[in-house]
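*Asks:* I have a structure I would like to understand better, so I am pasting it below and will then ask my questions one at a time.
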Amino acid sequence: MRTRKGFTYTEVLITLAVLAALFVPMMQLFSHTLASSSMTGETITALNLAKWQMERVKNLDLTTERFKEAGSSYYPPLGEPPIELNGRRWRIYTDIGAASEPLKVEVSVFFDGRLSEKPVVELVTLLEDMTWVKGSPALR
């Protein structure tokens, strides 16, 4: 018999099967990484929106009574178009806890149209009425 140079059909099939067995987990890992990356980007965007809204609330510099009068609200209001950022539509809900002392302010960021679902991000802070301190003779 003469010697053959090359691979048999069976050897090629076994090699392809081994490569396929290794390729499938790598593709699953790739798709999982892609989904996680997308979700992380959305969470970072929502966190930045929540921080932005929290700073807006703190910079209003209102008294506790004025915050309680203003109450909880959506930004932008429900009748207006949502914020469009990074390919998504967002809505921010600011909840003023009127019964708490110091005043509890909770900011929740939602995907627009999913306001009844769990928010993407929630931030909470406490605001104390400092208007009496600003007019105090000790600070002048």
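Only the coordinates and a few stated rules stand behind these numbers; no lab work does. Just so we're clear, the structure is a prediction, and the values are computed from it rather than from any experiment. Glycine also receives a Cβ, built like all others from the backbone with ideal geometry; neighbour counts cover every protein chain displayed.
*Asks:* Could you go through region 15-30 in sequence order and give the Karplus-derived ³J(HN,Hα) for each residue, using 6.51 cos²θ - 1.76 cosθ + 1.60 with θ = phi - 60°, rounded to whole Hz, and x for Gly and Pro?
*Replies:* 4, 5, 5, 5, 4, 5, 5, 7, 6, 4, x, 5, 5, 5, 4, 4
*Asks:* Next question. Which net charge results when you count Lys and Arg as +1 and Asp and Glu as -1 among the other residues whose beta-carbon is under 15 Å from that of Leu115?
*Replies:* Net local charge, Leu115 excluded: -1.
*Asks:* May I ask you to derive the relative contact order of region 9-130, considering only C-alpha pairs under 8 Å and at least 6 residues apart, and to give it as an integer percent?
*Replies:* Relative CO of region 9-130 lands at 22 percent.
*Asks:* Same structure again: At 222 nm, what value in deg cm²/dmol follows for the chain if DSSP H runs of at least 4 each add -39500 (n - 2.57) and the sum is divided by all its residues, to the nearest 500?
*Replies:* The helix contribution divided over the chain gives -15500 deg cm²/dmol.
*Asks:* Using +1 at the C-beta of Lys and Arg and -1 at the C-beta of Asp and Glu, which of Val18, Leu34, Thr3 has the Cα lying farthest in the positive direction of the dipole of the chain?
*Replies:* Working it through, the farthest residue towards the positive pole turns out to be Thr3.
*Asks:* Something else: Find out how many positive minus negative residues lie around Asp95, taking Lys and Arg as positive, Asp and Glu as negative, among other residues whose Cβ is under 11 Å from that of Asp95.
*Replies:* Combined, the nearby Lys, Arg, Asp and Glu give -1.
*Asks:* How do the peptides 101-109, 28-36, 64-72 rank, highest first, by the average count of neighbouring beta carbon atoms within 10 Å per residue?
*Replies:* Top to bottom by mean Cβ count within 10 Å: 101-109, 64-72, 28-36.
*Asks:* From the phi of every residue in region 101-112, what ³J(HN,Hα) in whole Hz does the Karplus formula 6.51 cos²θ - 1.76 cosθ + 1.60 yield, where θ is phi - 60° and glycine or proline is x?
*Replies:* Ordered by residue, 3J(HN,Hα) equals 9, x, 5, 8, 10, 10, 10, 10, 10, 10, 6, 4 Hz.
*Asks:* Give me the percent relative contact order of region 46-106, please, defined on Cα pairs under 8 angstrom at least 6 residues apart.
*Replies:* For region 46-106, the relative contact order is 28 percent.
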